[in-house]
1. So what does Arg45 come to for accessible area, using a 1.4 Å probe and Å² rounded to 10?
2. Which loop-located chymotrypsin sites (Phe, Trp or Tyr not before Pro) does region 54-149 contain, where loop means any DSSP state but H, G, I, E or B and the Cβ has at most 13 other Cβ atoms within 10 Å?
3. Find how many whole Å separate the alpha carbon centroid of region 115-166 from the alpha carbon centroid of region 38-87.
4. With 22 Å as the limit, write out which pairs from Lys61/Lys124; Lys99/Lys124; Lys72/Lys162; Lys72/Lys124 have Cα-Cα distances beyond it, or answer none.
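The values are calculated or read from the model by the stated rules, or taken from the named source; none is laboratory data. Because the structure is predicted, anything quoted here is derived from the model rather than measured. Neighbour counts are summed over all protein chains in view; Cβ atoms, including those assigned to glycine, are modelled from backbone coordinates with ideal geometry. These accessible areas exclude ligands, DNA and RNA; they are computed on the full protein's heavy atoms, side chains included. Shrake-Rupley method; radii C 1.70, N 1.55, O 1.52, S 1.80 Å.
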Amino acid sequence: MNKYLTILLFGQLWGCSQPTTKPQPSTSNPDSLATQLEELREKYRPGLGEIMGGIQTHHAKLWFAGINNNWKLADYEIAEIKERIEEAAEIETNRPEVKTISMIYPAIDSVANSIRQQNLAAFKNNFQVLTNTCNTCHVANHFEFNVITIPTAPPVYNQDFKAQVK
Ligand code: HEC
């Protein structure tokens, strides 16, 4: 037999007889699937600090939208804040702090009302109350060093906070 053919045949036989050693994910085992899912959720779940960072930006944008009488944008920003707070309450269940997070809802609702009424004076007052409540929660949770203020400058340079006239 041709030398090369022998090598080729032997190689193929040897290859076939090898057991597949690569571990296969056991998708048929519901327990292991649940564990894998839990691991993934834990890995990709945003942390409370990250969610708060998002809230901080919306808080600043909300102020500049409001003082510019841009009520549509203000309405969008307060809704975003509410969504993030709800998200934190829903997914950060391993953080004891989120038990106190609901203290912010009345302040959010007051801001939303003044936006609906397009009442600038009420908006400014309610925004201050909202900001105080952010800080009350930080103090209550030993994050008193994290002080939120009324912003003195827009948080970004690439967004127009004035209402668009059409
Ligand atoms: C549970 C009550 C609670 C409320 C209400 C709350 N926070 Fe927080 N906030 C926290 C906690 C706890 C942390 C620390 C999270 C961490 O990093 O683990 C935090 C952290 C932060 C941070 C730090 C993030 C950073 O990277 O510097 C900012 C900014 C922040 N909050 C803004 C706000 C603003 C703005 C509001 C109000 C609109 C608000 N928070 C309302 C509890 C709260």
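1. 60
2. Values: sites: Trp63, Phe64, Trp71, Tyr76, Phe123, Phe127, Phe143, Phe145; in loops: Phe143, Phe145.
Those that pass, being in a loop and sparsely packed, are Phe145.
3. For region 38-87 versus region 115-166, the Cα centre distance is 11 Å.
4. Numbers: Lys61/Lys124 13 Å; Lys99/Lys124 28 Å; Lys72/Lys162 10 Å; Lys72/Lys124 16 Å.
From Lys61/Lys124; Lys99/Lys124; Lys72/Lys162; Lys72/Lys124, over 22 Å: Lys99/Lys124.
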